[in-house]
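The values are calculated or read from the model by the stated rules, or taken from the named source; none is laboratory data. All figures in this text were calculated on a predicted structure; none of them were measured in a lab. Glycine gets a Cβ as well: all are built from the backbone with ideal geometry, and neighbour counts include every protein chain shown. Ligands, DNA and RNA are stripped out before the accessible areas are found, and what is left, the full protein with its side chains, is counted by its heavy atoms. Shrake-Rupley method; radii C 1.70, N 1.55, O 1.52, S 1.80 Å.
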Amino acid sequence: MTKPDYQTLIDATTWAFIERTLGFTPPGNVAGSIEAQRESYDGMCAAFHAGRPPGVGVTDESAGGVPVRRYETDRPAGTVVYLHGGGFVLGGLDSHDDICAEIAATGPRVVSIDYRLAPEHPHPAAYFDMMAAIRATAARSGPVVLAGDSAGAALAASASHALRGAETVRGIVLIYPGLGGSVNRGSMLTHANAPLLSRSDILAYQDARFGSGPVVRDATSAVLADTDFSGLPKISIFVAECDPLADDGYDYADAIRAAGGEARCVTNAGMVHGWLRARHSVPRARAAFDGIVRAIGGMV
């Protein structure tokens, strides 16, 4: 197997972002305690926080008994439910606060879900929280667009399978999603040691997600394990080229199209897992984020 030449694939501004990120979350950090992981992750997210655009109102409230943060302008157009990444172990309302605010500034209302985290709350706790909050939000605001990154993208995809045919979800936008594909082939091996997310990191997060229980392989946890990809809302997937999870996005789009659905898969060239936080410092990331905003705008 030919190893990717990251020095060629990844440009200088992205390397600067990687180095800054590693200052908070050094390689092997996922092997440390959950408390240490969260401390470093929260510190990183705070350092990268770009502030909220003017004109976006923010309210912390509850939806379906789950804590959420609501972002909206004076005249919101449609509603996006956002699910944050973090390997089902990290993150919360603050980790993706500026990202959600920036999406809301472009028009739609954004509702960010603070689902319970593993390992304290193993699967399916996050799934149940998400479903309760989505249903409550749709009951209040009408059909929603689901969006999320990484673990949050996995949750959003699972919700679309559970809610197909219910006219609750208008569309789905997934950002470098982990969807339960094989860890023993393709990009999982080619990019096993990619910057910022490795194959071993993914396996460690999987262990934390399921705890002492069995690894669940169904649409609530890994949509690629489903046998039915028909009847799903239209979907846009944004895959980071230098990411062990890349093939999950490609495979999911292929499965949906094969079942007669509408799926678009965009490869963000030279980008790494977690690039959302680089959108203000890396031109490629800015262009990719603008593409995500356009995809959301075309669905709400």
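Points to keep in mind about this one:
- With the simple spin-label model, which puts each label point 7 Å out from Cα in the Cβ direction, the Ala287 to Ala259 separation comes to 3.3 nm.
- J(HN,Hα) series, the range 83-90, from Karplus relation 6.51 cos²θ - 1.76 cosθ + 1.60, nearest Hz, glycine and proline x: 10, 6, x, x, x, 6, 10, 10
- Taking the Cα centre of the chain as origin and assigning +1 to Lys and Arg Cβ atoms and -1 to Asp and Glu Cβ atoms, the resulting dipole is close to 540 debye.
- Whole-percent carbon and sulfur share, accessible surface of the range 161-300, 1.4 Å: 48 percent
- Taking the Cα centre of the range 238-288 as reference, the dipole from Cβ charges on Lys and Arg (+1) and Asp and Glu (-1) amounts to some 420 debye.
- Looking at the chain, the accessible area is 40 square angstrom per residue; that uses a 1.4 Å probe and ignores ligands, DNA and RNA.
- Coupling constants for the range 129-143 follow from the phi torsions by the Karplus curve (6.51 cos²θ - 1.76 cosθ + 1.60, θ = phi - 60°), and in residue order they are 4, 4, 5, 4, 5, 5, 4, 5, 5, 5, 5, 7, 10, x, x Hz; glycine and proline get x.
- Estimated from helices alone, the mean residue ellipticity of the chain at 222 nm is -11500 deg cm²/dmol (sum of -39500 (n - 2.57) over DSSP H runs with n ≥ 4, per residue).
- About the Cα centre, charge dipole magnitude for the range 98-168 (Lys/Arg +1, Asp/Glu -1 at Cβ), debye: 300 debye
- With every protein chain in place, the range 21-62: carbon and sulfur % of accessible area (1.4 Å): 56 percent
- Computed Rg/Rh of the chain, alpha carbon atoms with Kirkwood Rh: 0.93
- Listed values for the range 238-247 are Karplus-derived 3J(HN,Hα) couplings in whole Hz (6.51 cos²θ - 1.76 cosθ + 1.60, θ = phi - 60°), namely 10, 9, 7, 4, 9, 8, x, 8, 3, 5, and x replaces Gly and Pro.
- Relative contact order (%) - criterion: Cα under 8 Å, at least six apart; region: the chain: 18 percent
- Sulfur and carbon atoms: percent of accessible area, the range 73-142 [1.4 Å]: 50 percent
- Listed residue (His121, Gly142, Thr106) projecting farthest to the positive dipole end of the range 99-142, Cβ model: Gly142
- Length-normalised contact order for the range 1-156 - Cα pairs under 8 Å, 6+ apart - percent: 24 percent
- Nonlocal amide H pairs with Val169, under 5 Å, H built at 1.01 Å: Val144
- Each Cα pair under 8 Å and six or more residues apart adds its sequence gap; the mean of these over the residue count of the range 212-262 is a relative contact order of 39 percent.
- Were the residues from Trp15 through Thr267 laid out at 0.36 nm apart, the gain over their Cα-Cα distance would be 88.9 nm.
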